[in-house]
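Asks: After the structure tokens below, expect a handful of questions from me.
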Amino acid sequence: MTISIATAILQGPTATLSVAYDTNIAVASTLSVNAEVTSCESFYVTSENGSSDMTVHSSDSVNVNSVSDVSVNSKIATNTLNTEEVVMKGRRIVDIQHFIDSLKLATAHSENFEKTMNDLNEYYDYIFNKSSDARTLTWPLITSPLPLLSILATYLYAIYIYLPNYMSDRKPYKLKTVLAVYNLFQVATCLILIYGISTSGWTTHYTLGCQEADFSNDKMSVQMAKYFWWTFMLKLVELSETVMFVLRKKSSQVTPLHVYHHVSTVIYVWLGVKYYPGGMATFSILLNSCVHVLMYTYYFLSSLGPVMQKKLEKVKSKITTIQIIQLVLLIIHALQILSPTCNIPNLMVYVFTPNIVINLILFLNFYKKSYSKEKTI
């Protein structure tokens, strides 16, 4: 940054001082002063970018005695300049040394800010690049968390603000055919995931114990990671279920359980793809896909009409019970990581288990509210 200072000198014809200060010099302050007698009434102090300017009148004083390394080159027209001290008598004193000290302080703050930003960039690079699985790092939507966060932000805005306002003066959409096709699509894709995950390790060498992930480029290992990624894509598609609830004006189904379950599942599957797309982490996909085959089959049959819904009346609570059992099994399976003989980082338990516990609590509350009353009646 270069600071230019123009000043008026003496009573009568005035002189112009140009003071250049290089803020890259941290200790010494070197000033270069060029003075030329002109005929002006005032001067101003400003930076190159035009910020922080102040006007000082010709009757003011400027004392530069305390500034080191000052050289004055003057082209004298009528008056003689004092190279030791430039004085203007008047209302106030502008201390150039104080001004320069302020610049140094600003430079120090700038350097500290730059260092902080560099530290943050290094931390970001370590978390989201160096710690990531090198195989999945460049896969779509995996490199950075920003695309995922943007999708989730749009989802929350849509279901809580935009779509409710859009539907406020409209009749609910039936979407009967759309729901039937969607449920069949879920059943089909879950069956594909079960087959893909099973044949990528579970039918060969995977066990229910402390199964470590293989981060090599082995064909089966990479195949497992790919099916993990497709699971993530499927979880993104599942966000559309909430949209369909709002379009059908089924606001009672847009519960905290529903929204939290979908959002947290998307986030945790993304973390799995990025950091641990294999080993024990795939057990949750296998189990969840089996549960979803049953669940979406039930949803498809229910969409066929009131008669079928009545026949399936007793099945509804069983689906929730199965989901609760699934969560309990996932917790038990994950706790194996804490065993001293398991080489998987304990961080996985600390990150993933709290989410499973939260989902379990929400499902238990839902079951209690929805089905306990039926038994009482």
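The values are calculated or read from the model by the stated rules, or taken from the named source; none is laboratory data. Predicted, not measured: the structure shown is a model, and the values here were computed from it. Note: ideal-geometry Cβ built from the backbone for every residue, glycine included; neighbour counts use all protein chains shown.
Asks: Filter the stretch 238-259 down to the residues that are more than 23 Å from LEU360 (Cα to Cα) and either of a type in the set (A, V, I, L, M, F, W, C) or not assigned by TED's automatic domain parsing to the domain that holds CYS290 (or both) and list them by number.
Replies: Within the stretch 238-259, VAL243, MET244, VAL246, LEU247 meet the criteria.
Asks: Additional query: Tell me which of these LEU304 doesn't satisfy, since it passes every other one: (1) free of Cβ contacts under 8 Å to residues at least 60 places away in the same chain; (2) surrounded by fewer than 14 Cβ atoms within 10 Å (Cβ to Cβ); (3) farther than 21 Å from ILE358 by Cα.
Replies: Status for LEU304: all satisfied but (1).
Asks: Restricted to the stretch 325-336, and to residues that are closer than 18 Å to GLY279 by Cβ and out of contact with any Leu (no Cβ under 9 Å at 6 or more places or on another chain), which residue is surrounded by the fewest Cβ atoms within 10 Å (Cβ to Cβ)? Break it down stepwise before answering.
Replies: Step one: of the stretch 325-336, the residues closer than 18 Å to GLY279 by Cβ are 329-336.
From what's left, out of contact with any Leu (no Cβ under 9 Å at 6 or more places or on another chain): 332, 334-335.
Details: ILE332: 9, ALA334: 19, LEU335: 12.
In this case the residue turns out to be ILE332.
Asks: Between a first residue in the stretch 211-238 that is closer than 14 Å to THR265 by Cβ and crowded, with 17+ Cβ neighbours inside 10 Å and a second residue that is among the polar types (S, T, N, Q) and modelled with pLDDT of 95 or more, which pairs have beta carbons less than 6 Å apart while being 6 or more apart in sequence or on different chains?
Replies: Between residues of the stretch 211-238 that are closer than 14 Å to THR265 by Cβ and crowded, with 17+ Cβ neighbours inside 10 Å and residues that are among the polar types (S, T, N, Q) and modelled with pLDDT of 95 or more, the close pairs are LEU234/THR189; LYS235/THR265.
Asks: Let me ask another. Go through the stretch 188-210 residue by residue and tally those that are among the β-branched types (Val, Ile, Thr) and crowded, with 17+ Cβ neighbours inside 10 Å. Spell out how you get there, then give the answer.
Replies: Initial filter on the stretch 188-210 (among the β-branched types (Val, Ile, Thr)): 189, 192, 194, 197, 199, 203-204, 207.
Subset that is crowded, with 17+ Cβ neighbours inside 10 Å: 189, 194, 197.
So the count comes out to 3.
Asks: Of the conditions (1) at pLDDT below 95; (2) in a loop (DSSP other than H, G, I, E, B), ILE319 clears all except one; give me its number.
Replies: Unmet for ILE319, out of (1) at pLDDT below 95; (2) in a loop (DSSP other than H, G, I, E, B): (2).
Asks: Another question, then. In the stretch 280-290, is there at least one residue being outside any helix (DSSP H, G or I), hydrophobic (A, V, I, L, M, F, W, C) and within 35 Å of the chain's Cα centre (by Cα)?
Replies: Yes: the stretch 280-290 contains one or more residues that are outside any helix (DSSP H, G or I), hydrophobic (A, V, I, L, M, F, W, C) and within 35 Å of the chain's Cα centre (by Cα).
Asks: Can you work out which of the residues in the stretch 151-175 that are more than 17 Å from ARG248 (Cα to Cα), without any contact (Cβ under 8 Å) to a residue 40 or more places away in the chain and surrounded by 11 or more Cβ atoms within 10 Å (Cβ to Cβ) is farthest from the chain's Cα centre (by Cα)?
Replies: TYR157
Asks: Surrounded by fewer than 17 Cβ atoms within 10 Å (Cβ to Cβ) and in the same structural domain as PHE300 (by TED's automatic domain parsing): does that describe ASN183?
Replies: In short, no.
Asks: Could I ask something else about it? Quick check: anything in the stretch 284-300 small (Gly, Ala, Ser), in the same structural domain as HIS258 (by TED's automatic domain parsing) and either crowded, with 19+ Cβ neighbours inside 10 Å or over 27 Å from LEU184 (Cβ atoms) (or both)?
Replies: Yes: the stretch 284-300 contains one or more residues that are small (Gly, Ala, Ser), in the same structural domain as HIS258 (by TED's automatic domain parsing) and either crowded, with 19+ Cβ neighbours inside 10 Å or over 27 Å from LEU184 (Cβ atoms) (or both).
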